[in-house]
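Presented below is the structure to which this report refers.
Only the coordinates and a few stated rules stand behind these numbers; no lab work does. Small disclaimer: the values here were computed from a predicted structure and weren't measured. So basically every Cβ, Gly included, is an ideal-geometry build from the backbone, and we count neighbours across all protein chains shown.
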Amino acid sequence: MNTTSSEAAAQAGTEATYRFARLLRLATFQIGSALGDILVTSVWNRIMINELGLNAAPVGLLIALRYLLAPLSLLAGYWSDTRPWLGFHRTPYVWGGRLLIVLSYPLLPLSLSRFVADRNDSSGWLIAIACFLMYGTGTLLSGGNFLALVRDSVPKQRQGFAVSVMETALILMFPIAAISLGRAMREFSLEAFWSVSLTVMAVSAFFWFFAVAGVERRFASPRAGKAESTLLFGKALRAIWQDLDTRRFFAFLAIATLAAWMQEAILEPFGAQVLGQDIEQTTRYSAYWQTATVIFLIGCVVRFRKRPAEKNIRLTKIGLGIMAAGMAVLALAAFGAQLRLLQLSLLIFGAGFGLYTFGAFSLLVAMTSDSEAGMYLGLWTICVLLSRGVGIALGGIFRDVFLSLTGSPTTTYGLIFLFEAVGLAVSIYALAHVDVVGFGKRVGRIAAASDLSTAELGL
């Protein structure tokens, strides 16, 4: 009997090790994601605007194209739920989307070659548009479905943790990718950019294949027990949207994301116009809050890795509250032109963002059903992408409007940061009205009332 127990324990330990090793392998997917994002949205656009002297507006519109295509993520999730390829639900859509991204990379240096030869060459813009259409479509086809694959590949009690690990890996990879590509191309030349683009193409393709290959079980059915042909996309979407908690969670996620990212486009101009700092100094701003984000996000992964996704409501609220406090301190720094408050405010904001990211991504998993995981995660992906884009745009719009009304940079930026703080506080209120546990019971994620108590959830 003892021998049997020992063997069972050893088997369980081996299975746990295997699952964690598989999770780490899945996380290598983000190496390619970070490299591609830096290449497309940092290196290419910098060359277009700075080195080639082209207008920033069309470049910005191209980068924002994937946000405009965001509804495709929901459709891709529905397809992966209902239309398997060769017995697989997630993998074909992940690889198909990433193939589009890989094929888009050579178009980046090709577009630059046209502009280098003639800055008025319209074919350069046509090539760039094709590139970003492929890149955006590929991202939306594969992004939500990759998270669905991660979710499907681990036990229910570890799903929130698994998705949070993916986000942590992505955040960690961004500075590494930026430094690597920066060193690979210290000065612009077309030859160097070709080399960097093809290298990113090869490295990304390898890790995207390596991370996903063999993870999904063939003929696994996220829609177990349902006739796949009976639910049309529109009907399925209406069924999901009719749930009150789904709509409330969508509203919470939209408000929180919008408020959190409103500072993205105006933070560095604030440092220049209000605090009088130069470019080298203002470029460090993102590093301040992102470093704090990474530290606290890793801390959450280590501390709460065994916690069910539904139990992260309180953590999410705490993170949002700290973010709001950080923005409030930043507003004070703006109103008083207080440089000494700047770094403190960004560190506070970043710490809260780390807690919020872990908690919110856990709740993304909690607010899904087993049968429509792709659609739900597609819906949340749309919400995050659109809200982030709207938030960034509103930050710039408010800056221009407030500045024209007040004529004061200190008042302008102070009002925007204060508005962000209020928005983050409102998102806490919105989350308090989402019945995560009730949703879990309705969709079958939580079997009984005794599974999670109100005290455990921090409600």
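Using a/c under 1.5 as the rounded threshold, could you call the chain rounded, prolate or oblate? The axes a ≥ b ≥ c are square roots of the C-alpha gyration tensor eigenvalues, and prolate needs a/b larger than b/c, oblate otherwise.
Oblate shape, in that a/c is at least 1.5 and b/c is the bigger or equal ratio.
Given the C-alpha centroids of the range 72-132 and the range 294-328, what is the distance between them in whole angstrom? Each part's Cα centre sits 34 Å from the other's. Note on the range 16-216: dipole from Cβ charges, positive end direction compared against 155, 123, 171; the farthest Cα belongs to 155. In plain terms, the residue of 194, 241 with the fewest other Cβ atoms within 10 Å comes first and the most crowded comes last, giving 241, 194.
Checking the a/c ratio against 1.5 first, then a/b against b/c, what shape does the Cα gyration tensor give for the range 243-304? Intermediate results must be reported in sequence, preceding the final value.
Working: a/c = 5.64, a/b = 1.56, b/c = 3.62.
Note, shape of the range 243-304 comes out oblate.
Have a look at 287, 415, 257 and report the one farthest towards the positive end of the charge dipole of the chain, computed about the Cα centre with Cβ charges (Lys/Arg +1, Asp/Glu -1). Among 287, 415, 257, the one farthest towards the positive end of the dipole of the chain is 257. Does the range 287-327 come out rounded, prolate or oblate by the C-alpha gyration tensor, with a ≥ b ≥ c the root eigenvalues, rounded set by a/c under 1.5 and, if not, prolate when a/b is larger than b/c and oblate if not? Because a/c hits 1.5 or more and a/b fails to exceed b/c, the range 287-327 counts as oblate.
To the nearest 20 debye, what is the magnitude of the charge dipole of the range 225-349 about its Cα centre, counting +1 on the Cβ of each Lys and Arg and -1 on the Cβ of each Asp and Glu? Write out the running numbers ahead of the final one.
Details: 14 positive and 8 negative charges, 162 e Å.
Dipole of the range 225-349, to the nearest 20 debye: 780 debye.
Dipole magnitude of the chain about its Cα centre, charges +1 at Lys/Arg Cβ and -1 at Asp/Glu Cβ only, in debye to the nearest 20?
Numbers: 37 positive and 27 negative charges, 221 e Å.
That gives the chain a dipole magnitude of about 1060 debye.
Projecting the Cα atoms of 321, 309, 136 onto the charge dipole of the chain, computed from C-beta unit charges around the Cα centre, puts 309 farthest toward the positive end. Taking Cα centre as origin and charging only the Cβ of basic (Lys, Arg, +1) and acidic (Asp, Glu, -1) residues, the dipole magnitude of the range 16-216 rounds to 600 debye.
Counting neighbouring Cβ atoms within 10 Å and putting the fewest first, the residues 132, 20, 207 line up as 20, 207, 132. When both the range 367-433 and the range 156-223 are represented by their alpha-carbon centers, they are found 27 Å apart. Taking other C-beta atoms within 10 Å as the exposure proxy, 237, 431 rank 237, 431 from fewest upward.
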